[in-house]
1. Using Cα pairs closer than 8 Å and at least 6 residues apart in sequence, work out the relative contact order for the chain, in percent.
2. Which residues make up the longest stretch of the chain that has no GluC sites (Glu not before Pro) in a DSSP loop with at most 11 other Cβ atoms within 10 Å?
3. When all protein chains stay in place, what accessible area (Å², nearest 10, 1.4 Å probe) is found for T213?
4. Whole-Hz Karplus ³J(HN,Hα) for region 72-77, in order, using 6.51 cos²θ - 1.76 cosθ + 1.60 and θ = phi - 60°, x for Gly and Pro?
5. Before rounding to the nearest 500, sum -39500 (n - 2.57) across all DSSP H runs of length at least 4 in the chain and divide by the residue total; then give [θ] at 222 nm in deg cm²/dmol.
6. How much of the accessible area of the chain, in percent, comes from carbon and sulfur atoms when a 1.4 Å probe is used?
7. What shape does region 115-208 take by its C-alpha gyration tensor, where a ≥ b ≥ c are the square roots of the eigenvalues and a/c under 1.5 counts as rounded, a/b above b/c as prolate, and the rest as oblate?
8. Would you please classify the overall shape of region 5-87 from the alpha carbon gyration tensor, given that a ≥ b ≥ c denote the square roots of the eigenvalues, rounded means a/c under 1.5, and beyond that prolate means a/b larger than b/c while oblate covers the rest?
Amino acid sequence: MDRDRLVSLIAQSPFFANAAPERLAALAEAGRARAFAKGETVCATGDAPDGLYVVLSGRVLVSSFTAAGKEIVLDSLTEGAMLGEMAVLDGEPRSADVVCAQASELFFISKADVVRALREDPDFALSVLAALSRRLRAANALIESVSFHDIEGRLARLVLSLAGVDADDPPEGPVAIDRPYAQGELARRIAASREKVNQQLRRWAGAGLVETTREGLRLLDVDALVELSLGDEDL
Ligand code: CMP
């Protein structure tokens, strides 16, 4: 990839938003952009860490598997997100599998260059810490969701979050999820089976809560979905 384009893509990531032009140029020189195909593995649980990645384009899924082979998708990461920081920072093997949900371009920075940038650039170090805090918040929300909500509540939370709805300040009319998600992926994100998700979406569609379109899913009755996402505290 052309060096100037790489610098401008890296600069769009929140991790490098405050970086000086010399830092961006040095990172673009030290790192490399790599294209991954849909379905290609970026890193697998247990791998030795060699560096971290920033998503330049596309989308990757972070997953964990139970001993019985059941998968839960921990997160879906798009442009600007960082991955692979955990093993680089704690020196342990990779903590999860990362697989491309679509063709993606990732920027790779070696462990030595990451450590150097963290030592020399407090803004970069702070943005990595902020990203780790956001990740921990999201992981806490996922634990809470799987522990205390039934599948209907979990799915309501997921579709609202994918549509960018703030449950404390829901929009008046319908909202759409702007990218199509396979039902299997929705299921893996809430630790449910694809069949259960399919049944639930049909029930909601029948009751006028959602509508499936060629582009994806439209949430027609956001208030009802917010109500369902709050769940039953007695579960
Ligand atoms: P690392 O352990 O090096 O390799 C796998 C990566 O997946 C990990 O770093 C994080 O970047 C990412 N990851 C692990 N757990 C989560 C999570 N719960 N949410 C989002 N990303 C995660």
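1. Numbers: 392 pairs, mean separation 44.8, N = 235.
RCO, the chain: 19 percent.
2. That would be 1-171.
3. Here the accessible area works out near 50 Å².
4. 10, 7, 7, 6, 10, 10
5. That calculation yields -13500 deg cm²/dmol at 222 nm.
6. Numbers: 6360 of 12510 Å².
The nonpolar share, carbon plus sulfur, comes to 51 percent.
7. prolate
8. Values: a/c = 2.39, a/b = 2.14, b/c = 1.11.
It comes out prolate by the Cα gyration axes.
The values are calculated or read from the model by the stated rules, or taken from the named source; none is laboratory data. Small disclaimer: the values here were computed from a predicted structure and weren't measured. Note that we place each Cβ from the backbone using ideal geometry, even for glycine, and neighbour counts take in every protein chain shown. Please note that ligands, DNA and RNA were not included when accessible areas were found on the heavy atoms of the full protein model with its side chains. Shrake-Rupley method; radii C 1.70, N 1.55, O 1.52, S 1.80 Å.
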